[in-house]
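All remarks here apply to the structure that follows.
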Amino acid sequence: MMSTRILISSLVLVAAFACGDGSEQKPAPEAAAPAAEAAAPEAAAPAANGAPAAGRIDAARVAQADGAEVGSWLVHGRTPSEQRFSPLTSIDKSNVKNLGLAWTFDLGSRRGVEATPIVVDGVMYLTASWSVVFALDAATGKELWRYDPKVPGEWGKNACCDVVNRGVAVWDGSVFVGTLDGRLVSLDAATGKVNWEVNTIDRTKSYTITAAPRVVKGKVIIGNGGAELGVRGYITAYDPKDGKQLWRFFTVPGDPSLPFEHPEMEAAAKTWSGGEWWKVGGGGTAWDSIAYDPELDLMYVGTGNGSPWTRSVRSPGGGDNLYLSSILAIKPDTGKLEWHYQTTPGDNWDYTATQHIVLAELEIGGAKRKVLMQAPKNGFFYVIDRATGELISAEPYVAMTWASGIDKATGRPIETDKALYGDSARMMFPGPLGGHNWHPMSFSPQTGLVYLPAHDTPFWLAKEKEFVIRPGFWNLALDMDTVVERTEAEAPPAKGMLVAWDPVAQKSVWRIEHNGYWNGGVLSTAGGLVFQGQGNGLFRAYDDKTGEILWEVQSQTGIIAPPITYAIDGVQYLAVATGWGGGSIAGGLDETTAIAKHHNEGRVLVWKLGGTGQMPANQPQNRTIPPPPVLEASAEEIALGKSTYSQYCLWCHGFSAASSFLVPDLRMMSAERHQAFEDIVLRGALKGTGMPGFEGTLTAAEVAAVRAYVVGEAQKAYEKQQAPKN
Ligand code: CA
């Protein structure tokens, strides 16, 4: 089935581990007032027709992103090419050390914040956790309006990777947000009032939306997530005027007894064999990246891992399992597939290809090529001809055990004997968090380099001996007892880094190692600067050519979101949202970091040259383990508790019951919580906050065993804490 276009497949999965929270963390109804120096609020000029100008983005304005609109940040990746490079030059290598806070704004949330703000006509639009939308004066931080979609707390358990949201799209006076519980909402950009709202999912399934919608050729495009729990992926185009569905593209085939929804599904179905993947959903969710080339009129969408992960369970007869872990080139008017490239055929490892897709022109072999670049979870950096899908080059950007390279003729990875886990476990490099996750990279046309937030996150995988579907919960087809035991005991420490990657030579030019592996997205500018926040709260500017640190500030809150820059009245601003979380909610916290001593405050930080604002003081968070209760339990009961915990609790509450403090650390439970444990875990006493009830899934004996295991872990941690320190 090869045509003149080169068709390749792959699957990549982005695992993030998301959760409801069981504590405070829904945003407080009132946000704190902005701090710092107030400039005069910028009144938006009226549009030509006299209507308020708020959010009047159209294709003509987007086309002026490097011209008249250079001070705006109109679309998610600044331009539809998603380079996240700003031509602004007021802040440069010589003066970046003079940056000071212009203003800050508290988002009122303590969960992960992944948003890229949109800035247009002096207004900043962004989202916090739980899909809450804010409109702020971009010069002063004054709140203009907020919109809370009131996502039910219990929906949090459907999120693999925290109750995050990556931002809004703004178009023709409307603001579009996808909510965690699968709704697409249109808001009036001037007031925040709801224009319309549509449901995009089967509400009996564990779907989520965390991506920012994109407007492509006047259509609102949105996908979804949920492939860890078990769903079937698709993306949908809606009419921005009224929310009418225009087309839907499924990414994997459904129930074979039903007709194919579109011709691409007939082709895809031939690559699935045996098994009953449709009962678990199949996966392939398009939960993040979308880029658009208006000249080729092609929209590029990345798809995710299989449901379940283990391919010998999902498709025991083999096959590539299209269109898992693929880059899809789709016509935005019709939803028709033009070409696809599967980065991980027959994905088996959560190697999603949903990672950020960047479009650029590169000179390769003496010729200018229109390329697409992606660093999916599988650890290879791909340069692909974006007109045809032809592979130009692919080389590893992180440590790798599963493949020895990419076959240049077929575009397929060459799997090693370390790739296939079965009854015997394998340690995977990259692990399911990937060599790169959702955190956006940036391409500077000035240096020709891609600045890539990468990590080495080794992880053990082992196949579940007898897969049983757990409706509404995680369905990976992994033997979690073995996964947890070997990962805890044998996986080397994970590492995070910022890599400056030459996409033509396919090699790193410089590489900075961070403390902690889970860090922020990246911005590069024509001022010769690269900006990135870190999980440990540091926010830094680097020299784009050398990686030299030119400026840094401690935000006190872990940063995972990507920074942006914009200009108002000739003043260049630099902005980033804080709030650690996302895929690493189950672990990865560096105990030496600021976030380990303070609450995880979701906040917008905005700097300018000579700014004199003060960083707000975060509230300290008590992380002292209290004396655990005395509890008699047999070794068998504790083993049952650990096994049950690993299957149902670990992805939110962490390895060894040690959480990242975004959700309650179970080793710190009060006597009252211990007393109410069965009510909470079995009957859902805290479900409004995000902690689901497990009645019908777990027995009272299993819940008691989980508590016995947690108390045992608390005892160990308490003894370690109380031991005399040298
Ligand atoms: Ca995944």
**Cα-based reach from K465 at 15 Å (exclusive), listing aspartates and glutamates while leaving out same-chain residues under 8 positions away** = D423, D479, D481
**Message:** Show me the trypsin sites (Lys or Arg not before Pro) within the stretch 642-726 that DSSP assigns to loop and that have at most 11 other Cβ atoms within 10 Å of their Cβ.
**Reply:** K725
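Given C-alpha coordinates of the stretch 254-303, what is the ratio Rg to Rh with the Kirkwood estimate of Rh? Please list the in-between numbers first.
On the way: Rg = 14.0 Å, Rh = 13.1 Å.
Expressed as Rg/Rh, it is 1.07.
How many percent of the alpha carbon pairs in the stretch 282-365 exceed a separation of 18 Å?
Counting every Cα pair in the stretch 282-365, those more than 18 Å apart make up 45 percent.
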**Request:** Would you mind checking the pairs K205/K370; K279/K377; K368/K408 and listing those with alpha carbons more than 31 angstrom apart?
**Result:** K205/K370
**Prompt:** In terms of the Cα gyration tensor, with a ≥ b ≥ c the square roots of its eigenvalues, is the stretch 144-254 rounded because a/c is under 1.5, prolate because a/b exceeds b/c, or oblate?
**Reply:** oblate
**Prompt:** Label E672 and L258 with points 7 Å out from Cα along Cα→Cβ: what is the distance between them in nm?
**Reply:** 4.6
**Complete:** Within the stretch 331-421, DSSP-loop GluC sites (Glu not before Pro) with at most 11 other C-beta atoms within 10 Å are none
**Asked** What dipole magnitude, in Debye to the nearest 20, does the stretch 121-190 give about its Cα centre under +1 on Lys/Arg Cβ and -1 on Asp/Glu Cβ?
**Response** 180
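Could you sort 465-471, 570-576 so that the peptide with the highest average Cβ count within 10 Å comes first and the rest follow in order?
Ranking, from highest mean packing down: 570-576, 465-471.
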**Prompt:** How far is it, in nm, from the label point at V70 to the one at K241 when both lie 7 Å from their Cα along the line to the Cβ?
**Reply:** 3.6
**Complete:** The exposure ranking of S670, S326, fewest beta-carbon neighbours within 10 Å first, is S670, S326
**Prompt:** Rounded if a/c is under 1.5, else prolate if a/b is larger than b/c, else oblate: which is the stretch 77-125, with a ≥ b ≥ c the root eigenvalues of its Cα gyration tensor?
**Reply:** oblate
**Fill in**
Which residues qualify? For A403, with a placed amide H closer than 5 Å and at least 5 residues away or on another chain, they are T416
**Prompt:** In whole percent, what relative contact order does the chain give with Cα contacts below 8 Å and a gap of six or more residues?
**Reply:** 16
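For every other residue with a beta carbon closer than 11 angstrom to the beta carbon of D320, add +1 if it is Lys or Arg and -1 if Asp or Glu, then tell me the sum. Write down the numbers at each step before the final one.
Numbers: positive: K270, R311, R412; negative: D347.
Residues close to D320 contribute a combined charge of +2.
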**Karplus-derived HN-Hα couplings along the stretch 533-544 (A = 6.51, B = -1.76, C = 1.60, θ = phi - 60°), whole Hz, x at Gly and Pro** = x, 10, x, 8, x, 6, 10, 10, 10, 10, 5, 5
**Prompt:** Rounded to the nearest 20 Debye, what is the dipole magnitude of the chain about its Cα centre when Lys and Arg each give +1 and Asp and Glu each give -1 at the C-beta?
**Reply:** 340
**Complete:** Quick shape check on the chain: root eigenvalues a ≥ b ≥ c of the Cα gyration tensor, a/c under 1.5 is rounded, otherwise prolate if a/b tops b/c, else oblate, and it reads rounded
**Prompt:** Rounded to the nearest 5, what % of the DSSP beta bridges within the chain are antiparallel ones?
**Reply:** 95
**Message:** Through the Karplus equation 6.51 cos²θ - 1.76 cosθ + 1.60, θ set to phi - 60°, convert the phi angles of the stretch 238-253 into ³J(HN,Hα) values in whole Hz; use x for Gly and Pro.
**Reply:** 10, 6, x, 6, 9, x, 5, 6, 9, 7, 9, 10, 7, 9, 9, x
**Item:** Gained length - M615 relative to D58, 0.36 nm times residue gap less alpha-carbon distance
**Value:** 196.9 nm
**Paramagnetic reach from K408 (point 7 Å along Cα→Cβ, amide N under 17 Å) across the stretch 351-382** = 363-367, 369, 381-382
**Asked** So, in nm, how far is label D172 from label D333 when the simple model puts each one 7 Å beyond its Cα toward the Cβ?
**Response** 1.6
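Grab the beta carbon distance between E485 and R683, set R0 = 35 Å, and tell me the FRET efficiency rounded to 0.05.
It comes out at approximately 0.70.
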**Prompt:** Karplus couplings for the stretch 300-307 from phi (6.51 cos²θ - 1.76 cosθ + 1.60, θ = phi - 60°), rounded to Hz, Gly and Pro as x?
**Reply:** 10, 10, x, 10, x, 6, x, 10
**Item:** 5 angstrom amide H check on G274, placed H, neighbours 5+ away
**Value:** G317
**Message:** Given a Förster distance of 30 Å, report the FRET efficiency between S90 and A505 from their Cβ-Cβ distance, rounded to the nearest 0.05.
**Reply:** 0.40
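Can you give the relative contact order of the stretch 158-288 as a percent, counting alpha carbon pairs under 8 Å and 6+ residues apart?
Reported relative contact order: 21 percent.
Which of the peptides 244-251, 150-157, 618-625 is most tightly packed, and how do the rest follow, going by the mean number of other Cβ atoms within 10 Å of each residue?
Per-residue mean Cβ counts within 10 Å order the peptides as 150-157, 244-251, 618-625.
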**Asked** Along the positive direction of the dipole of the chain (beta-carbon charges: Lys, Arg +1; Asp, Glu -1; about the Cα centre), which of L529, S186, L605 reaches farthest?
**Response** L529
**Complete:** Computed over the Cα atoms of the stretch 418-464, the Rg and Dmax in Å are 15.3, 50
**Message:** Largest first, please: the extent of the C-alpha atoms of the stretch 55-107 along each principal axis, to the nearest Å.
**Reply:** 36, 30, 18
**Asked** Once Lys and Arg get +1 and Asp and Glu get -1 on their Cβ, which of N348, Y421, V358 lies farthest toward the positive end of the dipole of the stretch 348-499?
**Response** V358
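Since every read-out is calculated from the coordinates, none of them should be taken as a lab result. Given the structure is predicted, the values throughout are model-derived calculations rather than measurements. As a convention, Cβ positions derive from the backbone with ideal geometry for all residues, glycine included, and neighbour counts pool all protein chains shown.
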